[in-house]
Amino acid sequence: MTDWKNPPRLFIPGPVKVNDDVLQELARPTLGHRGKEYAQLHSETVGMLKEILFTNQNVFLSTSSASGIWEAAIRNCVGFDETVLSVCCGAFSDKWVTIVKNCGRAVEELKVEWGRPTTAEMIDQRLAAGKYSAITLVYNETSTGLTNPVYEISKMMKQKYPEILIFVDSVSAMVGLPLHFDELGWDVTFASVQKAFAIPPGLAVAVVSSRALEKSKDVPARGYYFDFQQFAKSNEKNQTPTTPNIPHIMALNYQCKKLLAEGMENVWNRHRAMGDFVRSWAKEKFALFCDDKYASNTLTTVKNTRAVNVAELINTLQQKHNTIFGNGYGKLKEQTFRIAHMGDISIEDLKELLAWIDEELD
Ligand SMILES: *Cc1c(COP(=O)(O)O)cnc(C)c1O
């Protein structure tokens, strides 16, 4: 029987498992968002995020899901007479295209086969042949379980196209995978907190470069809720333009302290170890959907080589163990399934899950 008060343990690629100590942070006394206490919370949290994301530029806390920042990047940083190049390699990168169009800007697609990495050469070729003012990328494709070689891409962009703005969806990558924002030379990147930050949904973290912020001053019709100029002005007072999701910011503050105490190298290595663990199981029992070299350390998309009924398998696990994992996304439903290994999920959690799946296989 469905009971939302006793939900299944989550191994879907977001929202992910949230530890009880993190949930407790959401239950602290409420603060006034224009008071000194909030300013302290804001300043501490933004300061830690800058360390975690290796940036001295602008970190904004947006009371929205990450999708809001998809839109914000376009509405703030792309003029109505400019063209965006969107790299499409899965369901999430495809969505950028819709968003750019819906914001009334011109967009062209660079289509990459699902499960294949987007290389610096592919982007270089395309940029050399057209006139674009920005590109959109997805760091980690949550549909295919693929991590794009963003460091190589960014190096190429810096050398050959320093004037083109770079917007990167890091929703299922941020904190699980290395992200040195300033060194990468990105202009906008963002994530929702229900992925590797391991907090319930309801808040997004955005990083915006100084040059993107500067450019936004001259872009008309930026709206209000996602206006980077408003965010920047409020940040100076350690505030947000509108009333923020304060409980989530308290939980984010708590998670940031833990991440910094662990050390980002260790956090990334922990995700790699979880990735290796699930991949070795997947390769033994099934196969990986994408090339091993580009397989993500925050989730694994498993190719359903045994033609198991995935929906039924998930259902069985829910009945027997009150635990679920993810079916394939969109057109990859039943052809694949997805197991998240990010945030506060542990190897012990994963051992338990995989053993339960094994029990149903033979
Ligand atoms: C989850 C996800 C999103 C959407 O995040 P929301 O919080 O629903 O806005 C976007 N991009 C990627 C890569 C994701 O994994």
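I'd like to know if the stretch 17-35 contains one or more residues that are under 17 Å from Phe197 (Cβ atoms) and either among the small types (Gly, Ala, Ser) or in contact with a strand residue (DSSP E or B) (Cβ under 7 Å, 6 or more places away or on another chain) (or both). Scanning the stretch 17-35, I find at least one residue that is under 17 Å from Phe197 (Cβ atoms) and either among the small types (Gly, Ala, Ser) or in contact with a strand residue (DSSP E or B) (Cβ under 7 Å, 6 or more places away or on another chain) (or both), so the answer is yes.
Pairs meeting the criteria (first residue in the stretch 167-182 and touching a residue at least 40 places away in the same chain (Cβ under 8 Å) and small (Gly, Ala, Ser), second residue in a loop (DSSP other than H, G, I, E, B) and more than 12 Å from the ligand (Cβ to nearest atom), beta carbons under 8 Å, at least 6 apart or on different chains) are Ala173/Leu179; Gly176/Asn297; Gly176/Gly343.
Being among the polar types (S, T, N, Q) and away from the ligand (no atom under 16 Å from the Cβ) is the requirement here; does Ser210 meet it? Break it down into steps so the answer makes sense when it comes.
Values: among the polar types (S, T, N, Q): yes; away from the ligand (no atom under 16 Å from the Cβ): yes.
Taking the combined requirement at face value, the residue satisfies it.
Can you confirm whether the stretch 236-244 contains a residue that is part of a strand (DSSP E or B) and under 28 Å from Gly104 (Cα atoms)?
Checked against the condition, which is being part of a strand (DSSP E or B) and under 28 Å from Gly104 (Cα atoms), the stretch 236-244 yields no hits at all.
If you scan the stretch 321-353, which residues turn out to be assigned to a strand (DSSP E or B) and hydrophobic (A, V, I, L, M, F, W, C)?
So in the stretch 321-353, the residues assigned to a strand (DSSP E or B) come out as 323-327, 333, 336-340.
Those that are assigned to a strand (DSSP E or B) and hydrophobic (A, V, I, L, M, F, W, C): Ile324, Phe325, Phe337, Ile339, Ala340.
What are the residues in the stretch 310-330 that are at pLDDT 95 or above and over 25 Å from Met1 (Cβ atoms), if any? I'd like the intermediate steps shown before the answer.
Filtering the stretch 310-330 down to residues at pLDDT 95 or above leaves 310-329.
Residues satisfying the conditions are Gly328, Tyr329.
Of all the criteria given as (1) over 23 Å from the mean Cα position of the chain (by Cα); (2) farther than 28 Å from Ile166 by Cα; (3) surrounded by 17 or more Cβ atoms within 10 Å (Cβ to Cβ); (4) of a type in the set (Gly, Ala, Ser), the one not satisfied by Ala251 is (1). Looking at the stretch 151-166, is at least one residue surrounded by fewer than 23 Cβ atoms within 10 Å (Cβ to Cβ), aromatic (Phe, Trp, Tyr) and in a loop (DSSP other than H, G, I, E, B)? Yes - at least one qualifying residue is present in the stretch 151-166. Selection of the stretch 275-303 for residues being assigned to a strand (DSSP E or B), farther than 15 Å from Ser346 by Cα and not β-branched (Val, Ile, Thr) yields Ala287, Leu288, Ala295, Lys303. Among the residues of the stretch 149-175, those identified as within 11 Å of the ligand (Cβ to nearest atom) and within 23 Å of Glu265 (Cβ to Cβ) are Val168, Ser170, Val171, Ser172, Ala173, Met174. Please enumerate the residues belonging to the stretch 245-271 that are farther than 20 Å from Phe54 by Cα and in a helix (DSSP H, G or I). If the condition is that a residue be farther than 20 Å from Phe54 by Cα and in a helix (DSSP H, G or I), then Ile246, Pro247, His248, Met250, Ala251 are the ones that fit. Confirm whether Phe289 is in contact with a His (Cβ under 8 Å, 6 or more places away or on another chain) and among the aromatic types (Phe, Trp, Tyr). So Phe289 fails the test. Within the stretch 54-107, the set of residues being away from the ligand (no atom under 13 Å from the Cβ), among the aromatic types (Phe, Trp, Tyr) and either surrounded by 21 or more Cβ atoms within 10 Å (Cβ to Cβ) or closer than 15 Å to Ile166 by Cβ (or both) comprises Phe60 only.
All conditions in (1) farther than 22 Å from Ala206 by Cα; (2) part of a helix (DSSP H, G or I); (3) not acidic (Asp, Glu) hold for Lys101, with the sole exception of (1). In the stretch 176-184 there is at least one residue matching the filter, namely being within 16 Å of the ligand (Cβ to nearest atom), part of a loop (DSSP other than H, G, I, E, B) and out of contact with any Asp or Glu (no Cβ under 9 Å at 6 or more places or on another chain).
The values are calculated or read from the model by the stated rules, or taken from the named source; none is laboratory data. Bear in mind that the values here come from a model prediction, so they are computed numbers and not experimental data. Positions of Cβ are backbone-derived with ideal geometry, glycine not excepted, and every protein chain shown enters the neighbour counts.
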